[in-house]
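Participant: Quick one: this structure, given as structure tokens, is what I'll be asking you about.
The values are calculated or read from the model by the stated rules, or taken from the named source; none is laboratory data. Since the model is a prediction, treat every value here as computed from it, not as a measurement. In this analysis, Cβ positions are derived from the backbone assuming ideal geometry, glycine residues included, and neighbour counts consider all displayed protein chains. To get the accessible areas, we keep the full protein, side chains included, count just its heavy atoms, and leave off ligands, DNA and RNA. Shrake-Rupley method; radii C 1.70, N 1.55, O 1.52, S 1.80 Å.
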Amino acid sequence: MDLKQEIQRRRTFAIISHPDAGKTTLTEKLLLFGGAIHVAGAVKSNKIKRGATSDFMEIERQRGISVATSVMGFEYKDVKINILDTPGHEDFAEDTYRTLTAVDSVIIVIDGAKGVETQTRKLMEVCRMRNTPVMVFINKLDRPSKDPFDLLDEIEKELKIKVRPLAWPISTGPTFKGVYDLYGDRLSLFFAQDKQTAEGEQIDIRLNDPAIDKYIAPFTQQLRDDLELVEGVYPPFDLERYRKGEIAPVFFGSALNNFGVRELLDCFIRIAPSPGPSHTVQRDIDPYETKLTGFVFKIHANMDPNHRDRIAFLKICSGRFERNKPYLHVRSGKSIKFAAPTAFMAEKKSVIDEAFPGDIVGLHDTGNFKIGDTFTEGEQLQFVGIPSFSPELFRYIENGDPMKFKQLAKGIDQLMDEGVAQLFTSRLNGRKIIGTVGALQFEVIQYRLEHEYGAICRYEPVQVYKACWVESDNTAQMDDFRKRKFNNMALDKHGREVFLADTSYALALAQEKFPDIRFHFTSEF
Ligand code: G4P
């Protein structure tokens, strides 16, 4: 198969949801259809159960498990599918944001009884920033669910995206009969007993066939009415608009019962995009270029303190990746060969000889790589689109053991490279401030500094509401701002200026008083 065919048959995507909506279950069912696993229950849930939220050891253990399931590749109908797993726990949302930089599309899972929830809303914002095409799977229809029209309205309003149903549920809960597949124009009947295998019952029967009544009575008339309304309200499915991230096709089903999943997958492989162009500071990269380019979007540390090696996840953006071929690590200028690059096929991690755009390759790292690092065949490129997001929680980090100053500095440095949290240095007093998106990271950092680096840290409270990157073309105003806000100015890891607003009021006031200053909430602008 040539490069072009390899690229065209790849679909790299992530499943995102609010915890408990059914992401793990759906992932597992997709793997089941792909023949990557044979029984349900083989994929370990990497979500943290409620009630264990302060147990960071458990979280780290779960994160350990999630290495194996970080990328799950499988083949389905000659299509190579790469599912990128995202952490279930919201304190690791930033991991998820970064994973979203490496996918070509997304499937959003929504619980039919709960509708759109907070975490889904936040993740959708990231998709919107990047115009990522999204499909929606409304799950748990075997339970009483909200009215489908209300759900669609809610999605449009809350997720700010137009929708187009490509399947339609016939009742929900105890009287759930199945879905009418609007894409394949046939009926899928629901039987609630078969959770383990990958077979479901599809009947080739059209809506206007009187025999349909036999299967779905007493809901035949309602289905006809509903579908008439669907066709009247929603414009026909438009592939281009979907691929631009403007319209989301919607499916209904029950992942647990293996229902509606095949329809989703069959439609997915037909409409979801294969790898497209990527953007660098220097130029756009076409995936069909023959020379290799790729970037590191995630680094995973080994939890075993005796092996402080890490896995860096490289997303291939163009060309063909080959084992043992030297590639330029752009940031260091070094040429590096990888003797044992790995890929993940469902449960198995194996050494690979080659990989193509859309694939994710695991690279062994002894602490030299950072998130955002670029690999090429010699060209100086820097990928964009791997932003840091403004953290939400802040603390001063102090050295707890004067003899271990170096270890602490190294540990902090490496953990920041992994993207565990962000580090700011106060202009006022030079103190280091750690910013995270979740409270758990503070515990994780403390624990890892101690166990992996032999360093002790202490935290002290600091009053910061938000960190935003600031810039302006108006030098005088910027100078004035720096002077007046001196106490609140800091530098990020790359030496860029950050304003640490102590309250939302202070931020609003600053934005009003300094109209020529741009306040950015992600590090990329
Ligand atoms: P998540 O990864 O999005 O957090 O969700 P996960 O798949 O773990 O699903 C959350 C819970 O919802 C699980 O139950 C799962 O069995 C259930 N679930 C998923 N899909 C469906 C569905 O279509 N119908 C129904 N009725 N339930 C569904 P749990 O009790 O929390 O976990 P478990 O003990 O069953 O694993």
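Participant: Go through Y459, Y447 for me and flag whichever is within 30 Å of E418 (Cβ to Cβ) and not in a helix (DSSP H, G or I).
Facilitator: After applying the criteria, what remains is Y459.
For (1) open to solvent by less than 60 Å² (accessible area, probe 1.4 Å); (2) within 16 Å of the ligand (Cβ to nearest atom); (3) under 30 Å from D150 (Cα atoms), each residue gets a yes or a no:
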site: N258; (1), (2), (3): yes, yes, yes
site: E263; (1), (2), (3): yes, yes, yes
site: I271; (1), (2), (3): yes, no, yes
site: G276; (1), (2), (3): yes, no, no
site: H279; (1), (2), (3): no, no, no
site: D284; (1), (2), (3): no, no, no
site: A301; (1), (2), (3): yes, no, no
site: I311; (1), (2), (3): yes, no, no
site: L314; (1), (2), (3): yes, no, no
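Participant: Which of (1) open to solvent by 10 Å² or more (accessible area, probe 1.4 Å); (2) modelled with pLDDT of 80 or more; (3) touching a Gly at 6+ places or on another chain (Cβ under 9 Å) does F74 not meet, given it meets every other one?
Facilitator: For F74, the exception is condition (1).
Participant: Let me ask something additional. Six or more apart or on different chains, Cβ under 8 Å: which pairs go from a residue in region 458-486 that's in contact (Cβ under 8 Å) with a residue 12 or more places away in the chain and open to solvent by less than 80 Å² (accessible area, probe 1.4 Å) to one that's assigned to a helix (DSSP H, G or I) and of a type outside the set (A, V, I, L, M)? Could you list them?
Facilitator: Hits for this filter: Y459/F442; Y459/Q446; K466/S504; V470/F481; S472/F481.
Participant: Could you say which residue among V351, V384, V420 is touching a residue at least 40 places away in the same chain (Cβ under 8 Å) and either closer than 30 Å to R128 by Cβ or among the β-branched types (V, I, T) (or both)?
Facilitator: When all the criteria are applied, what remains is V384.
Participant: Let me ask another. Condition first: modelled with pLDDT of 55 or more and of a type in the set (D, E, K, R). Now tell me which residues in region 3-56 satisfy that.
Facilitator: K4, E6, R9, R10, R11, D20, K23, E28, K29
Participant: Looking only at region 142-177, count how many residues are within 16 Å of the ligand (Cβ to nearest atom) and part of a strand (DSSP E or B). Please lay out each step first, then the result.
Facilitator: Pass one, region 142-177, residues within 16 Å of the ligand (Cβ to nearest atom): 142-146, 148, 151, 167, 169-177.
Among the residues that remain, those that are also part of a strand (DSSP E or B) are: 167, 169-170.
Counting residues in region 142-177 that are within 16 Å of the ligand (Cβ to nearest atom) and part of a strand (DSSP E or B) gives 3.
Participant: Something else: From the list I397, I360, I412, I352, exactly one residue is of a type outside the set (D, E) and in contact with a Cys (Cβ under 6 Å, 6 or more places away or on another chain). Which is it?
Facilitator: Details: I360 fails: in contact with a Cys (Cβ under 6 Å, 6 or more places away or on another chain); I412 fails: in contact with a Cys (Cβ under 6 Å, 6 or more places away or on another chain); I352 fails: in contact with a Cys (Cβ under 6 Å, 6 or more places away or on another chain).
Being of a type outside the set (D, E) and in contact with a Cys (Cβ under 6 Å, 6 or more places away or on another chain) holds for just one of I397, I360, I412, I352, which is I397.
Participant: Just give me the residues in region 495-514 being without any contact (Cβ under 8 Å) to a residue 24 or more places away in the chain and either open to solvent by 80 Å² or more (accessible area, probe 1.4 Å) or not in a helix (DSSP H, G or I) (or both), in sequence order.
Facilitator: Correct list: G495, Y505, E512, K513.
Participant: Could you list, in sequence order, all residues of region 232-251 that are under 21 Å from T172 (Cβ atoms) and more than 22 Å from the chain's Cα centre (by Cα)?
Facilitator: V233, Y234
Participant: Going by what's in this entry, would L415 be described as of a type in the set (A, V, I, L, M, F, W, C) and either touching a Lys or Arg at 6+ places or on another chain (Cβ under 7 Å) or surrounded by 17 or more Cβ atoms within 10 Å (Cβ to Cβ) (or both)? If you could, list the steps in order and put the result at the bottom.
Facilitator: Numbers: of a type in the set (A, V, I, L, M, F, W, C): yes; either touching a Lys or Arg at 6+ places or on another chain (Cβ under 7 Å) or surrounded by 17 or more Cβ atoms within 10 Å (Cβ to Cβ) (or both): yes.
Yes: the conditions hold for L415.
Participant: Right, E240: under 22 Å from V79 (Cβ atoms), part of a helix (DSSP H, G or I), open to solvent by 60 Å² or more (accessible area, probe 1.4 Å) and away from the ligand (no atom under 16 Å from the Cβ) or not?
Facilitator: yes
Participant: Another one. Would you mention how many residues in region 489-506 are hydrophobic (A, V, I, L, M, F, W, C) and farther than 21 Å from D473 by Cβ?
Facilitator: 4
Participant: Any chance you could count how many residues in region 320-339 are loosely packed, with under 14 Cβ neighbours inside 10 Å, outside any strand (DSSP E or B) and of a type outside the set (D, E, K, R)?
Facilitator: 5
Participant: Just to check your reading of the model, which residue among I316, I311 is under 22 Å from A14 (Cα atoms), at pLDDT below 90 and touching a strand residue (DSSP E or B) at 6+ places or on another chain (Cβ under 8 Å)?
Facilitator: Just one listed residue meets the conditions, I311.
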